[in-house]
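These notes are about the structure you will find just below.
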Amino acid sequence: MFKDPLNTLYSFQSEHHLSSFSTACLNMFLTSLLSLAFATAAVVAIPGPEPTAAPELIHLDKRACGADNCLRAFRNSISSAEPFCRTYTTDTAATIPTWASSPCQTNPTRVSSACGCLATATLTQVYGPTDNTNYTIYEQSININSRPADSWEEYFQQCYDMCVGYGAMCQTFSYAQMANNDGTPGGLYLCYIYETRFQADKVAVAPGWRRNVVYMRN
């Protein structure tokens, strides 16, 4: 059971015959302790402020890649650039390839930027869709896929995604529906993946072929 400290003090004074001065000192001491205890209790009882919600994250799109001389040099040497970029860092001790030194001004930052753009540059249509033509450079392709499909659009998306999956290795892809053996439209859909850039002079006449298109990283 709680006992009042002041009443306890008075009983202690009567029993031990303390002087008025001693009693006053004890009284002041206990009063100070009680005040401090009540003040502390009051502070603890005050609820803390509500936590501040974290600010909403803002998605920042990657800056578009500008085709300067440095990036063009990497695209024109894609078979060498792709394995180089897999291990390259901006360390000044890293060796910049001869074919990139002049176009990139031997600048590690520009070289690093070009490496990043190889795999992230957007695929843009640069030819077609045009009937009765094809763009199939067998010796330059790194993958060839052919299959029947319900529609041109159905397999086109698969061809597009295939190029994206190749990353920097796919700089260009071509897609068309080849002719049947009798020359009429309706044969297999062909998807060609290239390390090379689009070469307009390689577009050939191909009777019966439908909707030939070429996409290239810009």
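When restricted to residues that are at pLDDT below 90, aromatic (Phe, Trp, Tyr) and closer than 14 Å to Met216 by Cα, segment 139-168 contains 1.
Residues that are assigned to a helix (DSSP H, G or I) and surrounded by 14 or more Cβ atoms within 10 Å (Cβ to Cβ) were ranked within segment 81-103; the one that is modelled with the lowest pLDDT is Glu82. Within segment 122-129, the presence of a residue that is surrounded by 18 or more Cβ atoms within 10 Å (Cβ to Cβ), within 25 Å of Arg86 (Cβ to Cβ) and in contact with a strand residue (DSSP E or B) (Cβ under 6 Å, 6 or more places away or on another chain) is excluded. Among the residues of segment 190-198, are any within 30 Å of Cys85 (Cα to Cα) and of a type in the set (Lys, Arg)? Yes, segment 190-198 contains a residue that is within 30 Å of Cys85 (Cα to Cα) and of a type in the set (Lys, Arg). Restricting attention to segment 105-138 and to residues that are out of contact with any Lys or Arg (no Cβ under 7 Å at 6 or more places or on another chain) and small (Gly, Ala, Ser), the residue that is modelled with the lowest pLDDT turns out to be Ala119. For segment 104-126, the set of residues classified as under 17 Å from the mean Cα position of the chain (by Cα) and either part of a helix (DSSP H, G or I) or farther than 25 Å from Val214 by Cβ (or both) consists of Ser112, Ser113, Ala114, Cys115, Gly116, Cys117, Leu118, Ala119, Thr120, listed by residue number.
Yes or no, residue by residue, for (1) under 24 Å from Phe84 (Cβ atoms); (2) assigned by TED's automatic domain parsing to the domain that holds Val205:
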{"position": "Asn107", "(1), (2)": "yes, no"}
{"position": "Asp131", "(1), (2)": "no, yes"}
{"position": "Tyr138", "(1), (2)": "no, yes"}
{"position": "Ile144", "(1), (2)": "no, yes"}
{"position": "Phe156", "(1), (2)": "no, yes"}
{"position": "Cys170", "(1), (2)": "yes, yes"}
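Within segment 153-171, the set of residues being touching a helix residue (DSSP H, G or I) at 6+ places or on another chain (Cβ under 8 Å) and either surrounded by 14 or more Cβ atoms within 10 Å (Cβ to Cβ) or among the hydrophobic types (A, V, I, L, M, F, W, C) (or both) comprises Ala168, Met169, Cys170, Gln171.
For Trp209, the criteria (1) within 33 Å of the chain's Cα centre (by Cα); (2) surrounded by 20 or more Cβ atoms within 10 Å (Cβ to Cβ) hold in every case but one, which is (1).
Scan segment 160-195 residue by residue and report those that are touching a strand residue (DSSP E or B) at 6+ places or on another chain (Cβ under 8 Å) and among the β-branched types (Val, Ile, Thr). Within segment 160-195, Val164, Thr172, Ile193 qualify.
The values are calculated or read from the model by the stated rules, or taken from the named source; none is laboratory data. Keep in mind that what you see is a predicted model, and the values were worked out from it rather than measured. Quick reminder, even Gly has a Cβ in these numbers, built from the backbone with ideal geometry, and neighbours come from all protein chains shown.
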